[in-house]
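The values are calculated or read from the model by the stated rules, or taken from the named source; none is laboratory data. Since we're looking at a predicted model, the values are computed, not measured. No Cβ is skipped: glycine too gets one built from the backbone with ideal geometry, and neighbour counts run over all protein chains shown. To get the accessible areas, we keep the full protein, side chains included, count just its heavy atoms, and leave off ligands, DNA and RNA. Shrake-Rupley method; radii C 1.70, N 1.55, O 1.52, S 1.80 Å.
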Amino acid sequence: VLAISGHNLYIADTNNNFVEKVDLATATLSIFAGTGTAPAPTTTTAPTVTTTTTRTSVASAPTTGYQLVAADGGVFSFNAPFYGSKGGGHLTSAIVGIAATPDGGGYWITTADGQVLGFGDAAYHGDMAGKPLNQPIVGIASTPTGKGYWLVAADGGVFSFGDASFYGSAANIRLNQPVVG
């Protein structure tokens, strides 16, 4: 079970009877509650974020783990393979989403301006980088085959690539709140 509150991610490990807390601002892992044991707390340098909002997205692999991606492109793997990241590299805008391939052999990350970057076996199928968007991209989702993906914009616009079929979007619907993923 995962929960996010403020800049903290809480991970419930019911098999080992504890809850871990990941401070996303400082990338610190610690035990929050419970009687089990967990890996020793780890501290890394916090990513530098140049946007006014900080987002962290989660991708789960078919294993028992998952990857997190921060706005600067840093990918953090928890009991899942690490295939690379853009942390510290040049980005056209902040990272806003991550999606694992169905086989867990890779993942895609996407930026607010629609750039898509693949790692591991996540093949590139296109993106919206350099194209006009009414609202920024807020998320990415893989097709069941892993041979395509959808990008979703804050206005409900949906963009499909590879074998991702287009079923419609909410871009022309008046929304009370922006789409968030």
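May I ask you to give the solvent-accessible area per residue for the stretch 84-178, in square angstrom, as obtained with a 1.4 angstrom probe? Mind dumping the intermediate values first?
Numbers: 4520 Å² over 95 residues.
Accessible surface, normalised per residue, equals 48 Å².
Have a look at the stretch 75-176 and give its Rg and Dmax from the Cα atoms, expressed in angstrom.
13.5, 41
For the stretch 147-153, just list the computed ³J(HN,Hα) in residue order, Karplus coefficients 6.51, -1.76 and 1.60, θ = phi - 60°, integers in Hz, with x standing in for Gly and Pro.
9, x, 7, 10, 10, 10, 9
At 0.36 nm per residue, and after removing the present C-alpha to C-alpha distance, how many nm does the segment from ALA141 to VAL180 gain when stretched out fully?
On the way: separation 39, 0.36 × 39 = 14.04 nm, distance 1.27 nm.
Residue separation times 0.36 nm, minus the Cα-Cα distance, leaves 12.8 nm.
Tabulate in residue order the Karplus-calculated ³J(HN,Hα) for the stretch 113-121, using 6.51 cos²θ - 1.76 cosθ + 1.60 with θ = phi - 60°, rounded to whole Hz; enter x for Gly and Pro.
Once rounded to whole Hz, the list reads 8, x, 6, 10, 10, x, 9, x, 8.
Taking the Cβ-Cβ separation of SER77 and ASP103 as r and a Förster radius of 22 Å, what is the calculated FRET efficiency to the nearest 0.05? Walk me through the intermediate numbers first.
Values: r = 16 Å, r/R0 = 0.72.
That gives a FRET efficiency of 0.90.
Under 5 Å between amide H atoms, partner at least 5 residues away or on a different chain: which partners does VAL96 have, H built in plane at 1.01 Å?
Residues meeting the amide H criterion: THR110, THR111, ALA112.
Determine the share of the stretch 78-181's accessible area contributed by carbon and sulfur atoms, expressed in whole percent, with a 1.4 angstrom probe. Spell out each step's value before the answer.
Details: 2820 of 5160 Å².
Ligands and nucleic acids excluded, carbon and sulfur give 55 percent.
Using only the Cα atoms, work out Rg/Rh for the stretch 112-162, with Rh taken as the Kirkwood radius, to two decimals. Spell out each step's value before the answer.
Numbers: Rg = 10.6 Å, Rh = 11.1 Å.
With Rh from the inverse mean 1/r over Cα pairs, Rg/Rh is 0.95.
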